[in-house]
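This report concerns only the one structure given below.
No lab work stands behind these numbers, since they all come straight from the coordinates. A quick note: this is a predicted structure, and the numbers were derived from the prediction, not measured. Quick reminder, even Gly has a Cβ in these numbers, built from the backbone with ideal geometry, and neighbours come from all protein chains shown.
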Protein chains: 2
Amino acid sequence: MDIRRQVGMNVARIRREQGLSQEELAFRSGLHRTYISGVERGIRNPTITVIQEIASALVVDVAILVASTKQNSKYSGIRY
Amino acid sequence: MDIRRQVGMNVARIRREQGLSQEELAFRSGLHRTYISGVERGIRNPTITVIQEIASALVVDVAILVASTKQNSKYSGIRY
DNA sequence: TTGTGACTCTTAGTCCGTG
DNA sequence: TCACGGACTAAGAGTCACA
């Protein structure tokens, strides 16, 4: 599983859970709307600082964004 | 707390726990030794794919490398 | 509201060294 | 064994018009 797709799926899922548009997330994270789009689709290869900014805008830990879907599909199963 | 330092401390700590040199980790991860050095010191801004390669070489999950564990700050009294 | 190609500018990442 | 620097090439950051 490509880590970029994994991060993208997590960002998109959490963003939707919070009822945000890509544009709103872009504004909150200080990134461009099309860049957020690229990250969510897994075609961008973001640096750790960018991921940090997105995580901050979503008010979640960076570890949540890089976690495999299998682990965080149900929060109950997470082991740290 | 700078996420880059956080990742750097985690990489350095886990690498030492496994008794590996920077050069050995560089070889296993397919990255350059000077780059590993920079990541550990927090002066590099690695992409998510690079972090995954390092995580793979250390046989840990990516989430472990980005985790902000309070244990790290007082680990061995290291000053950064 | 989001996807996409095509950019420019900046930095990620390599390779040569030294102390 | 590692920190650190200079110079370099590949790739990411960041933006836009348009679909």
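Taken about its Cα centre, segment B:19-65 carries a charge dipole of roughly 140 debye when the Cβ of each Lys and Arg holds +1 and the Cβ of each Asp and Glu holds -1. When only the Cβ of Lys, Arg, Asp and Glu is charged (+1, +1, -1, -1), the dipole of chain B relative to its Cα centre reaches about 340 debye. Report, to the nearest 10°, how far helix A:48-58 tilts away from the longest principal axis of the Cα atoms in chain A, using its own Cα long axis and a range of 0 to 90°. In chain A, helix A:48-58 runs at an angle near 90 degrees to the longest axis. Across the copies of the chain, B:SER37 has label points (7 Å from Cα along Cα→Cβ) spaced 4.3 nm apart, shortest distance listed first. Shape of chain B from the C-alpha gyration tensor: rounded (a/c under 1.5, with a ≥ b ≥ c the square roots of its eigenvalues).
If we count other beta carbons within 10 Å of each Cβ, what is the order of A:ARG13, B:ARG28, fewest first?
A:ARG13, B:ARG28
Taking all C-alpha pairs of the protein assembly as shown, those more than 28 Å from each other amount to 21 percent. Remark: the protein assembly as shown carries a charge dipole of roughly 180 debye about the Cα centre, counting +1 on each Lys and Arg Cβ and -1 on each Asp and Glu Cβ.
With R₀ set to 35 Å, the beta-carbon distance separating A:THR34 from B:TYR35 gives a calculated FRET efficiency near 0.75.
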